[in-house]
1. Would you compute, for the Cα atoms of the chain, the largest minus smallest coordinate along each principal axis and list the three values in descending order, in whole Å?
2. Excluding Lys128 itself, what net charge comes from residues whose Cβ is under 15 Å from its Cβ, given Lys and Arg +1 and Asp and Glu -1?
3. Please check: in the Gaussian network model of the chain (C-alpha springs, under 10 Å), which one of Ser173, Ser105, Ser143 has the largest mean-square fluctuation.
4. May I ask you to list the trypsin sites (Lys or Arg not before Pro) in the range 46-114 that are in a DSSP loop and have at most 13 other Cβ atoms within 10 Å of their Cβ?
5. By counting other Cβ atoms within 10 Å of each Cβ, how are Thr25, Thr145, Thr202 ranked from fewest to most?
6. Summing -39500 (n - 2.57) over the DSSP H runs of n ≥ 4 in the chain and dividing by its residue number, what mean residue ellipticity at 222 nm do you reach, to the nearest 500 deg cm²/dmol?
7. Between Gln125 and Ile98, what FRET efficiency comes out of the Förster formula 1/(1 + (r/R0)^6) with R0 = 22 Å and r the beta carbon distance, rounded to 0.05?
8. At 0.36 nm per residue, minus the direct Cα-Cα distance, what do Lys298 and Asn271 gain on full extension? Give it in nm, one decimal, please.
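Each value in this text was obtained by applying a stated rule to the coordinates, not by laboratory testing. A quick note: this is a predicted structure, and the numbers were derived from the prediction, not measured. Positions of Cβ are backbone-derived with ideal geometry, glycine not excepted, and every protein chain shown enters the neighbour counts.
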Amino acid sequence: MAETGKNTDLAAKYLLDGKLVAIPTETVYGLAANALNPDAVLSVFDAKKRPHFDPLIIHVTDTAMASEYALFNDDRLHLLAQKFWPGPLTLLLPKKDIIPDLVTSGLNRVAVRIPDHALTMQLLQTIKLPLAAPSANPFGYVSPTEPRHVEKQLGDKIAYILDGGVCKVGLESTIVGLEDEKICVYRLGGLAIEDIEKITGTVELRVNHSSNPSAPGQLKSHYAPRKPLYFGDSELLLQKFDSKKCALISFGAIPKSIDTHLIYNLSATGNLNEAAINLFRFLREADESDAEIVICQKLPETGLGRAINDRLTRASVTS
Ligand code: TXA
Ligand code: MG
């Protein structure tokens, strides 16, 4: 099994040897490899059982380092980087030749971000190389927000888990790029659309292209637990599945009339940021519980609520 600790020098040594290291970020844990070493990148795909057509995000220390690997092809993207990096924003930018095609699955853009986590920043500053890192979960499953999630599913495939505690955002980054001169959002995530639009004006949402996606995080079935998950009005769903052992993932005050086998409340006070932090942990716990099915309440479509609803829609059997 993987060693776990906070030793960034040791993590750097493993990465320089072509091995895989799980890294903490503010969004979710990443499964990192030296992005300039195609063999190491290949082992990321193997460990996750991820199809090679699904490209990886590279993680860097600052915009100067980002510019070594990608071109800022629009002032609005540059402004977004200045405003939100380090943070839960990934930019799709024209790639420079130095990035192996394997990283971008042969596409001409590379996904880049600066993670907001002190330990991973220290690691990046030590190693001085871009780290290619998808979320550290088997392909299609829920992303990890704690070291133990990584250990449980991928512990035998990685050299080291850099322990940075619980992720403080809890949802993957929002992916943004330029297409037809428009600022497009390809994946809803930990940076709310409202915050992006304050900088760029109205954006175009291209998150639901389920055939031939430009980001497989757009695939309709993704982020899914193994148990059947139903998403919508939880009171109606609980009535419908009255005869089953249900785990309920709820939000806000829970009506007294609700009495079910297991209840996980994303945020009793109705705070969407708190809900984001709890979401993936609760999905895992519900999946590992003795419930037969998981029912999830739809959240308000504002702020991070939109990204949470997007994940739950993709995770649900009804989508
Ligand atoms: O918050 C995050 O973004 C986390 C942390 C670890 O940084 N990473 C993450 O990676 O969620 P992953 O691989 O699970 O999701 C990245 C998404 C995928 O849907 C992928 O298809 C898309 O980004 N993507 C990556 N490179 C791309 C590219 N060149 N063009 C289009 N989509 C790309
Ligand atoms: Mg992922």
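1. So the extents along the principal axes, rounded to whole Å, are 58, 47, 34.
2. Here the count lands on -2.
3. Result: Ser105 has the largest fluctuation of those listed.
4. Sparse-neighbourhood loop trypsin sites (Lys or Arg not before Pro): Lys49, Lys96.
5. Thr202, Thr145, Thr25
6. Numbers: 11 runs with 103 residues, N = 319.
Calculated from helices alone, the mean residue ellipticity at 222 nm is -9500 deg cm²/dmol.
7. 0.70
8. 8.3 nm
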